[in-house]
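Asks: Got a structure for you, questions after.
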Amino acid sequence: MTPLATSELSVRATVMTPLAAGGTAFHRDAILHVGPDGCIRAVVPAGVGRRAESACSPVLDLRPALIVPGFVDAHLHFPQARIIGRATGPLLSWLTESVFPEEARFRRRDYACSVAAELLTRMLAAGTTTAALYSSSSARATEVLFEALRDSGMRAVVGLTLMDRACPKELAVGVERAMRESRRLIRQFHGHDRDRLRFAVTPRFAPTSSRALLTAAGRLAADHQLLVQTHVAETKAEARLAARAHPYASSYLDIYDRAGLLGCRTVLAHAIHFSRRDYDLIAKREAAVVHCPDSNAFLGSGRMKLEPLRSREIDVGLGSDVAAGRSFSMRRAMAHAYDNALALEAPVHPEALLRMATLGGAKALGCADLTGSLEPGKDADFVVIPVSRVPLTLDDALATLVFDNDDPNVARSYVRGRRLR
Ligand code: GUN
Ligand code: ZN
């Protein structure tokens, strides 16, 4: 199945997008032109350049509808797609009681195949066009996920979840085997289809990683210039476990830093229980953070502060963190992030939330040159949101997108100009 659009596409609707140079573009009535290569040619207010428009393919008129960049879900777990809502938190008991038994099922290829299909359907229905996924520790399940993503046309970063201690033995994979299997998956899938699929080095978190595993993971990432994704400082109990497992380190982040896992291609999920020094180190290493507000609420993990990240210009993406998060919808994630910021008495504007759910996530994942905003030259990754009336202003469109998000969530999802849903 070719992932490229085979002909030109022009769609007409209200268009709203963050811009790489800053700010947000809002066109009440515009035409998005996509070339045969799946790249955006232009976003033109309707009625402007009529002659140029008519020279292109017929215009698909979707009004009233809102077109925004495809959402970037910068953190979620493939093998947890069937266990949303298991209320066995906080984090450590939820992992033991609900997550690990489910993840053990992914050694079976047929089980992994059926969940992968469900996951893709649900992500695309939510308008997610780019995802950063943790697989289980099974290389077979990870291969199944990569194959499903390859065939779907979606954009994704996928990691084999690395864990070799303090977990059920059926999930633990030793350093040598984990590195061997990682290298095989890199050869098979990393960079597939002009970088649409990429492999990420994915140590689950410090408590389930030996120092040798973290060091090998750091080396693997450096050898192949790979993205690193992991969890950090989600709960205080987890931080205590991490300190016990890695007594040589001066802080939670220092565990990763010593292993060469903290750099400009590192994406840290949660990042809640941090000191000023920790934020400074993240900024110094140019690592990125993924905010997972619904997960933080569901597991009672705490409230992540945006301000220390934004003031240090740290890239921030948004994650559903399914299955600790209860929805695949990045629209819901934006609303949860708004509520969280308000509760901290540090309100965040919905415009910043739209950026986080699109371009911010793309920057965090290192693919902002390809996706995350609707600007000429980028791949045409966009979603069509049904609205009951044409939004009149930017604030009107943001209110609808972020807060008025009952079903249907998105009507259509496109990657590189090809309709995937
Ligand atoms: N920390 C380690 N593993 C996990 C996970 O699967 N989900 C969340 N939310 N936190 C984690
Ligand atoms: Zn997670």
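Asks: Checking the condition outside any helix (DSSP H, G or I), crowded, with 23+ Cβ neighbours inside 10 Å and out of contact with any Ser or Thr (no Cβ under 8 Å at 6 or more places or on another chain), which residue from Gly317, Gly360, Gly366, Gly372 passes?
Replies: Gly317
Asks: Now a separate question. Arg310: open to solvent by 60 Å² or more (accessible area, probe 1.4 Å) and more than 16 Å from ligand 2 (Cβ to nearest atom), yes or no?
Replies: yes
Asks: Based on this model, can you work out whether Gly377 counts as small (Gly, Ala, Ser), at positive phi and surrounded by fewer than 21 Cβ atoms within 10 Å (Cβ to Cβ)?
Replies: On the way: small (Gly, Ala, Ser): yes; at positive phi: yes; surrounded by fewer than 21 Cβ atoms within 10 Å (Cβ to Cβ): yes.
It is true that Gly377 is small (Gly, Ala, Ser), at positive phi and surrounded by fewer than 21 Cβ atoms within 10 Å (Cβ to Cβ).
Asks: Tell me, yes or no, whether segment 197-220 has at least one residue that is β-branched (Val, Ile, Thr), over 23 Å from the mean Cα position of the chain (by Cα) and open to solvent by 10 Å² or more (accessible area, probe 1.4 Å).
Replies: Yes, segment 197-220 has at least one match.
Asks: Another question, then. For segment 237-253, give me each residue that is more than 16 Å from ligand 2 (Cβ to nearest atom), in a helix (DSSP H, G or I), without any contact (Cβ under 8 Å) to a residue 40 or more places away in the chain and surrounded by fewer than 21 Cβ atoms within 10 Å (Cβ to Cβ).
Replies: Within segment 237-253, Arg240, Ala243, Arg244 meet the criteria.
Asks: Return yes or no: is Ala269 within 16 Å of ligand 2 (Cβ to nearest atom) and in a helix (DSSP H, G or I)?
Replies: The answer is no for Ala269.
Asks: Now a separate question. Got a sec? Which of Val157, Val173, Val144, Val115 is within 15 Å of ligand 2 (Cβ to nearest atom) and open to solvent by less than 30 Å² (accessible area, probe 1.4 Å)?
Replies: Going through Val157, Val173, Val144, Val115 in turn, the sole match is Val157.
Asks: For segment 321-347, enumerate the residues that are surrounded by fewer than 20 Cβ atoms within 10 Å (Cβ to Cβ), more than 16 Å from ligand 1 (Cβ to nearest atom) and in a loop (DSSP other than H, G, I, E, B).
Replies: Leu344, Glu345, Ala346, Pro347
Asks: Turning to a different aspect of this structure: Name every residue in segment 203-226 that is in a helix (DSSP H, G or I), hydrophobic (A, V, I, L, M, F, W, C) and in contact with a Lys or Arg (Cβ under 9 Å, 6 or more places away or on another chain), in order of residue number.
Replies: Here is the first cut: in segment 203-226, the residues in a helix (DSSP H, G or I) are 206-208, 211-224.
Now restrict to residues that are hydrophobic (A, V, I, L, M, F, W, C): 206, 212-214, 216-217, 220-222.
Passing the criteria: Leu213, Leu214, Leu220, Ala221.
Asks: Taking the conditions exactly as written (of a type in the set (Gly, Ala, Ser) and either at positive phi or touching an Asp or Glu at 6+ places or on another chain (Cβ under 7 Å) (or both)), does Gly218 satisfy them or not?
Replies: Values: of a type in the set (Gly, Ala, Ser): yes; either at positive phi or touching an Asp or Glu at 6+ places or on another chain (Cβ under 7 Å) (or both): no.
In short, no.
Asks: Same structure again: Would you tally the residues in segment 68-94 being of a type outside the set (A, V, I, L, M, F, W, C), touching a strand residue (DSSP E or B) at 6+ places or on another chain (Cβ under 7 Å) and either open to solvent by 10 Å² or more (accessible area, probe 1.4 Å) or within 12 Å of ligand 1 (Cβ to nearest atom) (or both)?
Replies: So the count comes out to 2.
Asks: Then there is this: Given the criterion of a type in the set (S, T, N, Q) and touching a Phe, Trp or Tyr at 6+ places or on another chain (Cβ under 7 Å), identify the matching residue among Thr358, Thr371.
Replies: So the residue among Thr358, Thr371 that is of a type in the set (S, T, N, Q) and touching a Phe, Trp or Tyr at 6+ places or on another chain (Cβ under 7 Å) is Thr358.
Asks: I'd like to check something: does segment 100-112 contain any residue that is under 22 Å from the mean Cα position of the chain (by Cα), within 16 Å of ligand 1 (Cβ to nearest atom) and surrounded by 21 or more Cβ atoms within 10 Å (Cβ to Cβ)?
Replies: Yes: segment 100-112 contains one or more residues that are under 22 Å from the mean Cα position of the chain (by Cα), within 16 Å of ligand 1 (Cβ to nearest atom) and surrounded by 21 or more Cβ atoms within 10 Å (Cβ to Cβ).
Asks: While we're on this one: Would it be correct to say that Glu176 is free of Cβ contacts under 8 Å to residues at least 12 places away in the same chain, under 20 Å from Ala217 (Cβ atoms) and not polar (S, T, N, Q)?
Replies: Details: free of Cβ contacts under 8 Å to residues at least 12 places away in the same chain: yes; under 20 Å from Ala217 (Cβ atoms): yes; not polar (S, T, N, Q): yes.
Yes.
Asks: From the set of residues in segment 265-301 that are open to solvent by 30 Å² or more (accessible area, probe 1.4 Å) and on the phi > 0 side of the Ramachandran plot, which is farthest from ligand 1 (Cβ to nearest atom)?
Replies: The extreme case among them is Glu286.
Asks: Can you pull out every residue in segment 394-411 that is open to solvent by less than 50 Å² (accessible area, probe 1.4 Å) and modelled with pLDDT of 95 or more?
Replies: Leu394, Asp396, Ala397, Leu398, Ala399, Thr400, Leu401, Val402
Asks: Hey, can you tell me all the residues within segment 206-236 that are within 16 Å of ligand 2 (Cβ to nearest atom), touching a helix residue (DSSP H, G or I) at 6+ places or on another chain (Cβ under 7 Å) and not hydroxyl-bearing (Ser, Thr, Tyr)?
Replies: Start the filter on segment 206-236 by keeping residues that are within 16 Å of ligand 2 (Cβ to nearest atom), which leaves 206-209, 227-235.
This time we only want the ones that are touching a helix residue (DSSP H, G or I) at 6+ places or on another chain (Cβ under 7 Å), so: 206-207, 228, 230, 232-235.
Within segment 206-236, Ala206, Pro207, Val228, Val232, Ala233, Glu234 qualify.
Asks: Hey, another quick one. Do you know which of the residues in segment 198-234 that are out of contact with any Pro (no Cβ under 6 Å at 6 or more places or on another chain) and hydroxyl-bearing (Ser, Thr, Tyr) is nearest to Arg183 (Cα to Cα)?
Replies: So the residue we want is Thr202.
The values are calculated or read from the model by the stated rules, or taken from the named source; none is laboratory data. For clarity, every value in this text was computed on a predicted model and none was experimentally measured. We place every Cβ from the backbone using ideal geometry, glycine too, and count neighbours over all the protein chains shown. The protein model used for the area step is the full one, side chains on, heavy atoms only, and it has no ligands, DNA or RNA in it. Shrake-Rupley method; radii C 1.70, N 1.55, O 1.52, S 1.80 Å.
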